[in-house]
1. Restricting to DSSP H runs of at least four residues, report the calculated mean residue ellipticity at 222 nm for the chain, -39500 (n - 2.57) per run over all residues, nearest 500 deg cm²/dmol.
2. For 72, 49, which order do you get if you count the other beta carbons within 10 Å of each Cβ and list the fewest first?
3. What order, most packed first, do the peptides 76-86, 37-47 have when packing is the mean number of other Cβ atoms within 10 Å of each residue?
4. Give the relative contact order (percent, whole number) for region 27-81; include only Cα pairs under 8 Å separated by 6+ residues.
5. Please rank 19, 29, fewest neighbouring Cβ atoms within 10 Å first, as an exposure proxy.
6. What FRET efficiency, computed as 1/(1 + (r/R0)^6) with R0 = 22 Å and r the Cβ-Cβ distance, is obtained for residue 31 and residue 86, rounded to the nearest 0.05?
7. Take the alpha carbon atoms of the chain, find their radius of gyration, then divide it by 2.2 N^0.38 Å using N residues; give the quotient.
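Bear in mind these aren't lab numbers, they're just calculated from the coordinates by the rules spelled out. Remember, predicted model here, so these are calculated numbers, not experimental data. Positions of Cβ are generated from backbone atoms using ideal geometry, with glycine treated the same way; all protein chains shown enter the neighbour counts.
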């Protein structure tokens with residue numbers, strides 16, 4: 001639940017949950033603060049987030065490798081933090 005994956009497939013993690021909240025247009029809720037802290041804590045010095053996990057399943061090509069910076073996790077995390085900080 002706290003390892004950031006992409007694609008998430010049928011699994012659920014903090015980034016996926018927070019992305020649903022921001023996409024819904026809901027205002028940030030104080031009950032999400034702990035999840036936001038985890039997202040901020042995982043940001044690397046270069047401003048990106050790494051791919052921490054890959055779920056099993058058929059893929060047609062490799063998009064990213066575990067342990068390397070993830071453009072998809074970075075995109076989702078930045079979108080979440082912008083929503084959190086702008087509201």
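1. -13000 deg cm²/dmol
2. Lowest to highest Cβ neighbour count: 72, 49.
3. 76-86, 37-47
4. 35 percent
5. By the 10 Å Cβ count, ascending, the order reads 29, 19.
6. Approximately 0.75, to the nearest 0.05.
7. So the chain has a normalised radius of gyration of 1.08.
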